[in-house]
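This report concerns only the one structure given below.
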Amino acid sequence: MPDQSRTKILAAKVVHAAFEVLHEHGGEMRSRDVITEVEKRVELDEWARGRYQSGSSRWVTFLRFFTIDCAKAGFLVKKAGTWYLTPEGEKAIALGPRALLEEANRKYREWEAEQRSKGPGENDGDSEGSSEAGTPEITMDQIQELANATLERHIASRNPYEFQELVAALLRGMGYFTPFVAPRGKDGGVDVVAYRDPLGTLAPRIEPPRDCRRPNSLRGWDHGTTEQVLSRGTGTSGADGVRVRA
């Protein structure tokens, strides 16, 4: 089938180029940055640059979808919009574009057979299928990347007062109490005060770094990160709790 061959040829080129990009950048890179670099080094014709109704270009969709097999083959790890090249993936680069994709698909079929041999509820619950099943217009990885980018743009667009309200809401959502959120105007450099308990009786007394207000510092922030901040010890202000500074 000519169309299928054309699809596999393009997929093999962009997947192999993505592996090379990851290798050249230490084996770890955000997927959207990988895509940017691949576009610079792979010759893409009008058909490859064509777009689906979703707005995604054909070659990008192929790259995201055909790397599902690579992930199941153990060549690649996709997590929260970042791609990680495994040691097996590093070795697979030497196979060349066509052989790399064929090996990834072979290993995917082995994984799939293993999943089928397991009883109900024993498989890994992954809903993404092999590239053998066809090419969808959008994948879960693409949806997650779009969601992450939308959240980042939303956070970056907040003004300083809106951002401090966002930080306070995040802390409250994590179970902390925020008796003070600075009003507009001079605040002495403190935007939010947060406690572990309603009365603020629990130590330690700390102040996070001044750059904690920057949107980039919220990436990957979770309860564990806050616990690490809280365990740093006594700050200079002498007040119990977390003090988010401007």
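Would you say D33 is in a loop (DSSP other than H, G, I, E, B) and acidic (D, E)? So D33 does not fit the description; no. In the range 40-99, of all residues being on the phi > 0 side of the Ramachandran plot and touching a Gly at 6+ places or on another chain (Cβ under 9 Å), the one that is surrounded by the most Cβ atoms within 10 Å (Cβ to Cβ) corresponds to G74.
Looking only at the range 180-201, filter to residues that are under 11 Å from E165 (Cα atoms) and either of a type outside the set (G, A, S) or not assigned by TED's automatic domain parsing to the domain that holds E162 (or both); which one of those is surrounded by the most Cβ atoms within 10 Å (Cβ to Cβ)?
V192
Screening R51, R41, R30 for residues that are modelled with pLDDT of 90 or more and in contact with a strand residue (DSSP E or B) (Cβ under 6 Å, 6 or more places away or on another chain) leaves exactly one candidate, R30. Looking only at the range 18-30, which residues are in contact (Cβ under 8 Å) with a residue 60 or more places away in the chain and either assigned to a helix (DSSP H, G or I) or among the hydroxyl-bearing types (S, T, Y) (or both)? Scanning the range 18-30 gives A18, F19, E20, L22, H23. Among all residues of the range 72-87, there is none that is in the same structural domain as W111 (by TED's automatic domain parsing), over 25 Å from E114 (Cα atoms), without any contact (Cβ under 8 Å) to a residue 40 or more places away in the chain and over 17 Å from the mean Cα position of the chain (by Cα). Give A92, A156 a once-over and let me know the one that is at pLDDT 80 or above and not polar (S, T, N, Q). Only one candidate qualifies: A92.
Would you please name the residue that is farthest from K13 (Cα to Cα), looking only at residues in the range 40-53 that are among the charged types (D, E, K, R) and part of a loop (DSSP other than H, G, I, E, B)?
Once the filter is applied, the top-ranked residue is E46.
Can you confirm whether the range 38-52 contains a residue that is touching a residue at least 40 places away in the same chain (Cβ under 8 Å) and closer than 25 Å to A147 by Cα? Checking the range 38-52: at least one residue is touching a residue at least 40 places away in the same chain (Cβ under 8 Å) and closer than 25 Å to A147 by Cα.
Of all residues in the range 54-88, those being assigned to a loop (DSSP other than H, G, I, E, B) and not β-branched (V, I, T) number 8.
The values are calculated or read from the model by the stated rules, or taken from the named source; none is laboratory data. Just so you know, these numbers come straight off a predicted model, no measurement behind them. Glycine gets a Cβ as well: all are built from the backbone with ideal geometry, and neighbour counts include every protein chain shown.
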